[in-house]
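Only the coordinates and a few stated rules stand behind these numbers; no lab work does. Worth saying up front: this structure is predicted, and the values here are computed from it rather than measured. Virtual Cβ from ideal backbone geometry, glycine too; neighbours counted across all protein chains shown.
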Amino acid sequence: MDLAQVKQEIASLLNIEGVDSNEAASYVVIPQDTTLGDYALPCFRFAKALRKSPVVIAQDLASELSAKAHPFKKIEAVNGYLNFTLDRNAEAGKILSEVILKGASYGDSDEGAGKTICIDYSSINIAKPFHIGHLSTTVIGGALYKMYKKLGYNAVGINHLGDWGTQFGKLIVAYKMWGDTIDIEKEGMLALTKIYVKFHEEAEKDPTLDDKARYWFKQIEDGNEEALSLFNMFKELTLKEVGKVYDRLDITFDSYNGEAFYNDKMAPVLDELRAQNLVTVSEGAEIVDLSEYNMSPCLLVKADGATLYATRDLAAAFYRKNTYDFYKCLYVVAYQQNLHFKQVFKVIELMGKDWHKDLVHVPFGMVSLEDGTMSTRKGKVVWLKDVLDKAVEKSYAIMSEKNANLKNKEEVAEKVGVGAVIFFALSNNRIKDITFSYDKVLTFDGETGPYVQYTNARARSILRKAGALQDELNKPFTSEELEGLSGKEGEELISLISRFRATVSDAVAKYEPSIVTRYVIDIAKSFNRYYLNNRILNAEEKYVRARLGLVYATHIVIEEALRLLGIKAPEEM
Ligand code: ARG
C-alpha cells in the first residue's frame with residue numbers, strides 16, 4: 001500500500017464527530033522514525049473539535065480502530081499520534097500474486113484513457129545518412145511511445161520526414177550525371193551519399209550545377225513526372241534501409257507524414273496569420289516579429305515565395321490538432337533546435353490558440369564516439385547501422401568466451417549488442433551530451449543493458465530448474481510461506497517491484513525514459529543481492545514457493561521494463 005491507498009483505508013475506518021473522515025485521513029504522514037510504525041496520524045489536529053488532549057484522542061482511536069477489521073498489522077497510540085504498521089508479509093503476498101496473475105500487463109493503467117499523445121520522433125531526412133546523431137531521438141521517442149501506451153494513452157508515433165528542400169534538386173542532377181557509376185542495388189544509400197558529395201565538389205568549380213539543381217527542385221514542386229519518380233526512388237530507398245534499423249530497435253510509427261505532406265496545408269495557416277496582422281514584410285520576406293519576446297523573427301516565406309522548415313512545422317501542428325485533437329504533442333528533437341520550437345510555439349500562441357501550451361519540445365544532448373567522430377559536419381559520418389553491427393559483433397565475441405555452449409549465439413548477440421546501445425542511449429538524463437564507448441556499454445558488470453539482461457537470464461534459469469513448481473505459483477501464498485520473504489533484501493526487492501507503475505508514470509510525466517533505465521538497474525542489483533544472500537530452490541521447503549514467486553515477479557518486471565525501452569531479453573546468455 002502506498003500513502004494514497006493507506007489514506008483511503010484509514011478514512012474508511014475513522015469516525016470522528018465533527019470531522020470529515022477524508023479530511024482527517026489527509027493528515028496522515030510517513031514518520032521520520034519508522035520503527036514505531038509505517039504511517040502516523042497526528043491527533044492534535046482533532047483536539048479542538050473533540051475538546052480532548054491529543055494523547056487521549058490517540059488512545060481512544062487506537063482501541064476503537066483495533067477492534068474493527070483492518071488491513072494493518074498493528075494500530076497503536078504513541079504520544080498523541082496514532083501509528084499504523086503494515087503487515088509486510090501480507091503486502092508482499094499481494095504484490096507477488098498481482099504480478100503472477102497479470103504477467104506482462106502488470107503495471108498497465110488507464111490513467112491516459114481518452115487522451116491522445118502525438119510524438120514526433122526520429123524524423124529522418126530522405127537521402128541523408130541515418131547516423132548516430134539520430135539514435136537518441138529514435139530511442140527516446142520510441143520508449144515514450146511504449147510507456148504512454150502502457151499507461152492507457154492513445155499514442156500516435158509520427159516520423160516527420162525531411163523530404164523537402166533544394167537538396168533533392170541537387171541529388172537529381174547528381175543522379176542524372178553520375179547515376180551509372182554507382183550500384184544502388186548493392187550499396188543503397190551509401191551510393192547516393194557518394195554522388196551527393198561529388199555534386200558539392202563539382203558545383204564549386206561549376207556554379208551552373210546549382211542552377212540546374214534549382215530547376216529540378218522546381219520540377220518536383222510542379223509535379224514533373226521524371227522528377228517525381230526519381231524523388232520517390234530516393235525516398236523508397238531511404239525508407240527501406242532505415243526500416244531495417246527500426247526493426248532492430250523495435251521502433252514503429254503510425255504516420256510518415258513528413259514535410260512534403262504539408263505543401264498544400266500551409267496556405268490557410270499563412271492566410272490566418274496575415275488576417276490577424278501578425279505578419280510583417282521585411283525585404284520582401286514574410287516574418288513574424290518576435291523581438292518583444294527576445295527572439296529572432298520567425299521566417300515564414302522567403303522573398304522568392306519559398307516556404308521554410310518553420311512554415312511546415314506550423315502547418316503540421318495545426319494538422320495534428322485537427323486530426324488527432326491531441327492532449328499533448330511532443331517533439332523529440334535535439335536541443336540545437338530549441339529556438340526553432342520556441343518560435344513556432346510562440347507564433348501559435350500569438351494566433352490565440354490555447355493549445356499552444358500542449359506543444360512540448362523534448363530536447364536531448366549529443367552523442368559522440370570515444371574517438372571523437374560523430375557529426376556530418378566533420379565529414380566523418382558514423383552510420384547507426386555500423387554501430388549496431390559492431391556492437392553485435394563484439395557481443396558475439398564476449399558470448400563465445402563466457403558461454404561457449406550457448407545455443408542460438410547469433411540471435412543472442414543481436415539482442416545483447418543492440419540492447420546495449422539502446423540502454424546506453426537511455427541511461428543518462430536526456431539533456432546531457434554523452435560519449436559512446438563499445439567496451440563500456442557491453443560490460444556485464446557495470447550499469448549496462450547486458451548486466452540487466454544477464455540478471456534476467458539468471459532468474460529465468462532458476463525458473464527453468466524449478467520445473468513443474470512454476471505452475472504452483474498461481475495459488476495464494478500462506479502467511480507461513482510469506483515469512484520466507486522477510487529480511488532486508490526481500491523487502492527491498494518487493495518494494496521496488498511494487499513501484500513499477502508509478503515509475504513509468506513518473507518517466508512519462510518528465511519525458512525521461514532514463515527513469516525506467518535507472519529503475520531496472522536498481523531491480524537487477526537488488527535481485528542480485530537477494531540471490532547472493534538467500535537460498536531459493538534449496539531453501540527450507542515451506543519458503544521455496546514464495547521465493548520462487550519473487551524470482552518470477554522480478555523476471556516479469558525486468559522484461560517488461562526492457563520492452564518499454566525497446567530492448568529484447570534473451571532467455572539464456
Ligand atoms: N528532420 C529534422 C532533422 O533531422 C527533424 C525534424 C523534427 N521534427 C519536426 N517536426 N521539426 O533535423
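Here are the numbers for this structure:
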| quantity | calculated |
| --- | --- |
| Order of L532, L493 - criterion: other Cβ atoms within 10 Å of each residue's Cβ, fewest first | L532, L493 |
| C-alpha center-to-center spacing [region 241-308, region 129-161] in angstrom | 21 |
| Antiparallel %, DSSP beta bridges [both residues in the chain], to 5 | 50 |
| For region 39-103 and region 512-545, distance of Cα centres in Å | 29 |
| Normalised contact order of region 1-63, rounded percent, pairs of Cα under 8 Å and 6 or more residues apart | 22 |
| Reach of K186 by Cα under 17 Å, taken over aspartates and glutamates that are not fewer than 8 positions away in the same chain | E236, E241, D386 |
| Karplus (6.51, -1.76, 1.60) ³J(HN,Hα), θ = phi - 60°, over region 487-496, in Hz, Gly and Pro reported as x | x, 4, 5, x, 5, 5, 5, 5, 5, 4 |
| Percent RCO, i.e. relative contact order, over region 1-116, from Cα pairs under 8 Å lying at least 6 residues apart | 19 |
| Amide H contacts under 5 Å for V78, placed H, 5+ residues apart | N83 |
| In sequence order, calculated HN-Hα J values of region 549-558 (Karplus, 6.51, -1.76, 1.60; Hz; x Gly/Pro) | x, 5, 4, 4, 4, 4, 4, 4, 5, 4 |
| Three-way shape call for region 156-241 based on the alpha-carbon gyration tensor, with the a/c threshold at 1.5 | oblate |
| Interchain or long-range residues, amide H under 5 Å from V367's placed H | I434 |
| Rounded, prolate or oblate (a/c below 1.5 giving rounded, otherwise prolate when a/b exceeds b/c) for region 378-461 by Cα gyration tensor | oblate |
| Shape call, region 495-553: gyration tensor on alpha carbons, a/c limit 1.5 | prolate |
| Sequence-distant residues sharing a close amide H with L359 (under 5 Å, placed H) | C329 |
| Per DSSP, loop GluC sites (Glu not before Pro) in region 500-573 with at most 12 further Cβ within 10 Å | E540 |
| Unsatisfied cross-links (Cα-Cα over 23 Å) in the set K146/K321; K265/K353; K407/K568; K194/K240; K170/K265 | K170/K265 |
| Vicinal HN-Hα couplings computed from phi for region 129-145 (Karplus, 6.51 cos²θ - 1.76 cosθ + 1.60; Hz; Gly/Pro x) | x, 8, 10, 4, x, 8, 4, 4, 4, 5, 7, 5, x, x, 5, 4, 4 |
| Stokes-Einstein D in µm²/s, Kirkwood radius over Cα pairs - the chain at 20 °C with 1.002 mPa s viscosity | 78 |
| Long pairs among K432/K525; K128/K346; K150/K385; K394/K525, criterion Cα-Cα beyond 27 Å | K128/K346; K150/K385 |
| Positive-end residue of Q32, V516, I567, charge dipole of the chain with Cβ unit charges | Q32 |
| Dipole axis of the chain (+1 Lys, Arg; -1 Asp, Glu on Cβ), positive-most option in M295, S486, I431 | S486 |
| Sparsely packed GluC sites (Glu not before Pro) within region 387-458, loop by DSSP, other Cβ within 10 Å at most 12 | none |
